[in-house]
1. Conditions first: (1) free of Cβ contacts under 8 Å to residues at least 40 places away in the same chain; (2) within 15 Å of the chain's Cα centre (by Cα). Residue 94 passes all but one, so which condition is the exception?
2. Looking at residue 25 and the list (1) surrounded by fewer than 16 Cβ atoms within 10 Å (Cβ to Cβ); (2) at pLDDT below 80; (3) under 17 Å from the mean Cα position of the chain (by Cα); (4) assigned to a helix (DSSP H, G or I), which single condition is not satisfied?
3. For residue 66, are the conditions met, namely being modelled with pLDDT of 95 or more and surrounded by fewer than 17 Cβ atoms within 10 Å (Cβ to Cβ)?
4. Can you pull out the residues in segment 147-169 that are crowded, with 20+ Cβ neighbours inside 10 Å and part of a helix (DSSP H, G or I)?
């Protein structure tokens, strides 16, 4: 099973129950398409450290670096800090930890990302803001979990390598 398949499976497990598997996710009202639309944007956000959208490590390969309003998010650590500051620290820590990932409601996404950021995410993914909220609430726990396999934040080089690996799977049609 590839890394992308594993993440999609994790999304299915977090949003549809532990026994649903990938088939349930992909068969449910186009949710697999939503996850695939959001994945490159999320990877770009998480790889972006310190808002350096033009740096080799701060930009997604394949031209995803120019995310405008999202350039200031600051990467994985900064995103986790935003969840902490908005009352979702326990959930975010569960994604990093080695136990079960706690879900977040779509409303949490609206608290963590401001209106301009959410609009930019939706625009880059080609989805509505409501779909972006829903997709991010399903996708973020699994993505963070897979980027932190040992229960700790990776260093910049490790994060860049993991994001690049995932991005390559997305480009190759990983499912």
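1. Going through (1) free of Cβ contacts under 8 Å to residues at least 40 places away in the same chain; (2) within 15 Å of the chain's Cα centre (by Cα) one by one, residue 94 breaks only (1).
2. Every listed condition holds for residue 25 apart from (1).
3. No: the conditions fail for residue 66.
4. 147, 159, 162, 163, 166, 167
The values are calculated or read from the model by the stated rules, or taken from the named source; none is laboratory data. Since this is a predicted model, take the numbers as computed values, not measurements. Please note: Cβ atoms are built from the backbone with ideal geometry, for glycine as well, and neighbour counts cover all protein chains shown.
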